[in-house]
1. Using 0.36 nm times the number of residues separating residue 357 and residue 294, minus their current alpha carbon distance, what extension gain do you get?
2. Take each of the peptides 299-311, 115-127, average the number of other beta-carbon atoms within 10 Å over its residues, and list them starting from the highest.
3. Given the pairs 175/292; 145/273; 292/420, which span a C-alpha to C-alpha distance of over 19 angstrom in this model?
4. Sorting check: for 90-100, 401-411, 157-167, which peptide has the highest mean count of neighbouring beta carbons within 10 Å, and how do the rest follow?
5. Starting from the 7 Å offset along Cα-to-Cβ, what nm value, one decimal, do you get for the label separation of residue 109 and residue 190?
6. Give me the dipole magnitude in Debye, nearest 20, for the stretch 256-450 about the Cα centre, with unit charges on the beta carbon: positive for Lys and Arg, negative for Asp and Glu.
7. Which value, in Å², gives the accessible area per residue of the stretch 256-450 when a 1.4 Å probe is used on the protein heavy atoms?
8. Just the number, please: carbon plus sulfur as a percent of the accessible area of the stretch 16-221, 1.4 Å probe, no ligands or DNA/RNA counted.
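The values are calculated or read from the model by the stated rules, or taken from the named source; none is laboratory data. Note that the structure is predicted; figures quoted are calculated from it, not measured. Backbone-built Cβ (ideal geometry, glycine too); neighbour counts: all protein chains shown. We work out accessible area using only protein heavy atoms, side chains counted, and drop any ligands, DNA or RNA first. Shrake-Rupley method; radii C 1.70, N 1.55, O 1.52, S 1.80 Å.
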Amino acid sequence: MGRRDPEEGQLPAPVKPPDGGWGWIVLFGCFVITGFSYAFPKAVSVYFKELMKDFHVGYSDTAWISSIMLAMLYGTGPICSIMVNQFGCRPVMLIGGLLASAGMILASFTTNIIELYLTAGVLTGLGMALNFQPSLIMLGAYFDKRRPLANGLAAAGSPVFLSALSPLGQVLMEKFGWRGGFLIMGGLLLNCCTCGAVMRPLDMGMKRKMEKTQDKYEAKEMLPIGGKSEEGISTTDGNKKAKKAKKKPKKGKKLLDFSIFSNRGFIIYTISKFILVLGLFVPPILLVNYAKDTGVPDTEAAFLLSIIGFIDIFARPACGMVAGLKWVRPHVSYLFSFAMLFNGMTDICSARASNYTGLVIFCVFFGISYGMVGALQFEVLMAIVGSQKFSSAIGLVLLIEAFAVLIGPPSAGRLVDALKNYEVIFYLAGSEVVLSALFLAMATYCCLNRGKKKEPPPEKNPSAGGGSDTEEAESDVQEAEEHSSDNHQLAHSTDNAMVATSEEANHVAEEQSREGGGCPEGDGEVLARDACNTDQTVERDRF
């Protein structure tokens, strides 16, 4: 991914995703990276009370640490895309792991809240961003047919790590204090480097090796005679140099490909995702305080988030399996719309829940719908733009989502302070999610599906980045096989024709010698030989 061909100065042709093998190791690495990226900003909140005492600040001041982490995770998407396209996924992930770990280690030595913003917020957030985006790109490179399942399993890392990091942080704070806890957390983030190290790029040189072997075979089969064989090999080398000279002016992959904005599906997805993020994260943020205001004890109120996380763990892989079914995958965008509609209606129907039982039911359905959305969001984007342009697409989408993250939850908090009513907030958040679902479904049906019916099917263009990587790789292999079979047939037909021509020339010479009207004898022996050779040469030239 992202490596340039040193011989031709351009990106090599895509390789068929293996859909297994080393891809399962890549999937596990993506699982760990996703867990750290989404769960770590929330798990850090267990240290906020100690930070408030040591630095004499308020809760809103310490909450900015998590907000800065999330803002860096979303807002640095284009920077990650540029670095991945320039240097590849593995080097970027290794640097990101070091930055994330260094941020938490340095944060353990800070003396004021501003230093915490710069270390735990900016540095660690940037490091996790440099890990999260490349891991998704590598996942799309290794999986095609099983990609929905792979995305669902990788997305399950978020609830699993949230369930593990929060209790672990509490234990570390009680035994070592917040400084010792930050130091140990920084050591744990070094595992991101290990995950980056296993992101082995696919073998892009397979096609070049096949072409070199094919050229050598072609020279040996077509020209078996010594002198002409050398001449043919030199001609083949000249043709290869001419091909390389033609390929050199071609440009490699852009650092950030803005041409994806010409894709109507990408525009529809981006608008829908922006509306979705405005309301998606509001209910879980306000849920605990809402339960406390209704008279639920603190311990039971905190347990509601654990219910959402537990359901989410199983919902994401299950939804990935459903999305991978043959009759579902072509319509995965509609399944994503259903997941968003399900989530929005859950918020609206649970807005008036006034007891603990009602809130538990809300958490169960919210966990299912939230897991479905998390499992499908990147799968839909990969299906729209293709893996060749996914690195640029996800960077731009995350940047746009960063604005929605900074608008949605803070605005909901201000409305709660102004209205003192959580019911209105749940209605508003649910309406935004439902609106995004309806927009995606209707725009996909009206703008994309109808357009496909009216317009003739376009020619396949591998450089366009759309479509399946498997289809592109299979077409390349099929063309190479057809070309090789043509060379076999041409070589055999050449040998047969040469044998037939020589036999025919010998037969004519014998008839001429029998009839006495052939080549002259005696002094004209040399002339006769030249004439006979001339006849044979003419016969071969006619062939």
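1. 21.5 nm
2. The densest-packed peptide leads the list: 115-127, 299-311.
3. On the way: 175/292 29 Å; 145/273 25 Å; 292/420 13 Å.
Over 19 Å Cα-Cα: 175/292; 145/273.
4. Details: 90-100: 23.2, 401-411: 17.8, 157-167: 20.1.
Put in order of decreasing packing, that is 90-100, 157-167, 401-411.
5. Output for this residue pair reads 1.6 nm.
6. On the way: 11 positive and 11 negative charges, 123 e Å.
Here the size comes out at about 600 debye.
7. Normalised by residue count, the accessible surface of the stretch 256-450 is 43 Å².
8. In the stretch 16-221, the share of accessible area belonging to carbon and sulfur is 69 percent.
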